[in-house]
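Scroll down for the structure; my scribbles are underneath it.
The values are calculated or read from the model by the stated rules, or taken from the named source; none is laboratory data. Bear in mind that the values here come from a model prediction, so they are computed numbers and not experimental data. Glycine gets a Cβ as well: all are built from the backbone with ideal geometry, and neighbour counts include every protein chain shown. Calculation scope for accessible area: heavy atoms of the full protein, side chains included, ligands and nucleic acids excluded. Shrake-Rupley method; radii C 1.70, N 1.55, O 1.52, S 1.80 Å.
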Amino acid sequence: QVHLVEFEGGLAQAGGSLRVSCVASGRTFSNYAMAWFRQAPGKEREFVASIIWRGSLTSYADSVKGRFTISRDNAKNTVYLQMNSLIPEDTAVYYCAAGDSYANRRVTEYTYWGQGTQVTVSS
């Protein structure tokens, strides 16, 4: 079992930056690929970014590529999502997830989930 808790997020103006963090506990964090998903009101949960279990291979949704950066610190059991050049369409609840492969982009392909943290971008 892996327990995930998201931190930070909050409110930003369009063009600004925010960072969300996710701390893991339980089974060995470094064994899992980690990902961020988001869900806006009335919409399905969608893939944002993922990172391989060890190393620097990453994957991004086209909508955030070049603006968001995912990273992880296995010594701290933490994965980060740095969000720059925010736009109102980035407003959503952001979830971190743990799974077997960073190449996976489907909700059903990730086993463990955090409770989510709200990110709101004002225009």
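General remarks:
- Selection over the range 14-38 of residues that are aliphatic (A, V, I, L, M), in a strand (DSSP E or B) and open to solvent by 30 Å² or more (accessible area, probe 1.4 Å) gives a count of 1.
- Pairing residues of the range 1-28 that are under 24 Å from Y110 (Cβ atoms) with residues that are basic (K, R) and open to solvent by 20 Å² or more (accessible area, probe 1.4 Å), at Cβ distances under 6 Å and at least 6 apart in sequence or on separate chains, gives V2/R27; E8/R19.
Here's the yes/no breakdown for (1) basic (K, R); (2) over 17 Å from V23 (Cβ atoms); (3) surrounded by fewer than 21 Cβ atoms within 10 Å (Cβ to Cβ); (4) touching a strand residue (DSSP E or B) at 6+ places or on another chain (Cβ under 6 Å):
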residue	(1), (2), (3), (4)
A40	no, yes, yes, yes
D73	no, no, yes, no
Y95	no, no, no, yes
D100	no, yes, yes, no
T108	no, yes, yes, no
Q115	no, no, yes, no
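- Among the criteria (1) part of a helix (DSSP H, G or I); (2) open to solvent by 60 Å² or more (accessible area, probe 1.4 Å), the one L11 does not fulfil is (1).
- Residue satisfying all of: in the range 77-93; closer than 14 Å to F7 by Cα and open to solvent by 20 Å² or more (accessible area, probe 1.4 Å); nearest to the chain's Cα centre (by Cα) among these: Y80
- Selection within the range 42-71 - closer than 22 Å to Q13 by Cβ, touching a helix residue (DSSP H, G or I) at 6+ places or on another chain (Cβ under 8 Å) and open to solvent by 70 Å² or more (accessible area, probe 1.4 Å): none
- Residue pairs meeting the criteria (Cβ under 9 Å; at least 6 apart or on separate chains; first in a loop (DSSP other than H, G, I, E, B), in the range 64-83; second acidic (D, E)): V64/D90; R67/D90
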